[in-house]
1. Treating the Cα atoms of region 344-404 as identical point scatterers in vacuum, please give the log10 of the normalised Debye intensity I(q)/I(0) at q = 0.23, 0.24, 0.27 Å⁻¹, two decimals.
2. For region 90-113 and region 117-150, write down the distance between their C-alpha centroids in whole Å.
3. Amide H to amide H under 5 Å from TYR49: which residues, 5+ apart in sequence or cross-chain, H placed 1.01 Å off N in plane?
4. Under the Karplus relation 6.51 cos²θ - 1.76 cosθ + 1.60, θ = phi - 60°, what is the ordered set of whole-Hz ³J(HN,Hα) values for region 107-117, x standing for Gly and Pro?
5. With labels modelled as points extended 7 Å from the Cα through the Cβ direction, what inter-label distance (nm, one decimal) is found for ARG78 paired with ILE291?
6. Cα-Cα pairs above 40 Å in the chain: how many percent?
7. Using each residue's phi in region 388-394, evaluate 6.51 cos²θ - 1.76 cosθ + 1.60 at θ = phi - 60° and report the 3J(HN,Hα) Karplus result to the nearest Hz, with x for Gly and Pro.
8. Run the numbers on region 174-287 and let me know its relative contact order in percent, using alpha-carbon pairs under 8 Å that are six or more apart.
Amino acid sequence: MNEIKFGTDGWRGVISENFTFANVRIVAQAAADYFKTLKHKNKNIIVGYDMRYMSEKYAEISAKVLAGNGFSVTLSKRAVSTPVVSWAVVDRQALAGIMITASHNPPEYNGFKVKSKLGAAISPSETKAIESLLGKNAPKNSDKIGTDNLEGSYLKKVSSFVDLKTIKKSKFKVVIEPLWGSSQGYLLSILKGSNLKLFPIHHYRDVLFGGVSPEPLNHNLTDLKNEIKRVHADVGLIADGDGDRVAVMDDKGVFYSTQFIIPLLMLHLLDNKKLRGDVVQTNSVSSAVEIIAKDYGLKVHKTPIGFKYIADLMLKEDILIGGEESGGIGVKGYIPERDGVLMGLLMLEMMAQSGKTIRQLLRDVEKRYGKFCYDRVDIRYSPEKRDKIFKFLDTASFEKIAGMKVKEITRFDGTKFIFEDLSWLLLRGSGTEPVLRIYSESKSEDKVRKLLAFGKSSALSL
């Protein structure tokens, strides 16, 4: 089963290459064999799927294998976001959930996510347990599966998390960009009848995602930028292909990733919602998070990249907020899951309560804590270069980079060079694609560009 490998968030593969009907049956059977070892009175399993090519068929195949193993299976009637499945598992007290999605990966990919009874991504040890069962038993099959609408309860849940009355009274112009993904329509439904002026784009199925990866990155958002300018919008809210990641664009068409959103939401939860708790950040998250946490006397936990590590801490500790650079954010009082729709609502709540745009709110944070500039580049590498890339990550050491003295090097998830002025450069391999990700943050955009250029040239020279 060498062609089936679980990464940072489940198993993903290229459709028809290794993500095949046969392999989906093998993975579903391994998941079923693992679920049989769990002690839980309810044997129901929730199965959902996104809008990718053939996702509904892969979901049906998975559901039939699970049913063939004696589980009571509820298959979503339509494409849904990953958080919908996670909440359905908790709400219905199910044993587990399966979501067919490749999230933000390119259109040729699909994937298989497993959710625990608590709505969280399963832990690394549980992932290994499923991997160890691959191919141990021949896939079983049964047509005895049920179908249901899963979105209704979810929409009520996320709506109850914010001051919806205040949001609906505000008169901001909002462009909603789900990137052709399965969260489309959710914000329109929640905000129906409000004073907000809503402008949805890409609210239809396109398995090629308009020719881009459904990832909330600036270069994928030309249509959003044009729509914001056309309608003179105050904000653009962005989710990824399966609706669990978030980003935002301001009224000038400037893109902001979660590097800027996490600090903003931290302050909203602390100052406006009067909540407290520890903070979790993955290895590639902005240093601003640590500075704000220190200001409020909050403990900071650092984890490898992957929301499952954040979710694991959210289940064990009193966590106010946990976030990752790629768009995933979880907050206190919700299930241990990232959710792009909920984060969009929280940002609208901030705007409605303050009367300020996202740009103005971010400017307030900058005045209070200083400026942080960030960017990322991805380099796709050939299979023959993989060993060289990872050897470089394991051994790379420099005293100076771009004229700056290296203060510290960490290697607990990729190789991170930390400088004396809080700047940093991180290089790590993707857990789902043959891609080297290069991240950098500094107090100036010029330093960020120089650090990224160094990382890129070092990788390309291998």
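Nothing in this text is a laboratory measurement; each read-out follows from the coordinates by a stated rule. What you are looking at is a predicted structure, and each value in this text was computed from that prediction instead of being measured. Backbone-built Cβ (ideal geometry, glycine too); neighbour counts: all protein chains shown.
1. -1.04, -1.10, -1.19
2. That distance is 11 Å.
3. Long-range HN contacts for TYR49: VAL80, ILE100.
4. x, 6, 9, 9, x, 9, 9, 10, 10, 6, 5
5. Inter-label distance under the simple model: 4.4 nm.
6. Numbers: 17686 of 106491 pairs.
Everything past 40 Å amounts to 17 percent.
7. Computed from phi, the couplings for region 388-394 are 5, 4, 6, 5, 4, 5, 6 Hz.
8. Details: 164 pairs, mean separation 29.5, N = 114.
Computed value for region 174-287: 26 percent relative contact order.
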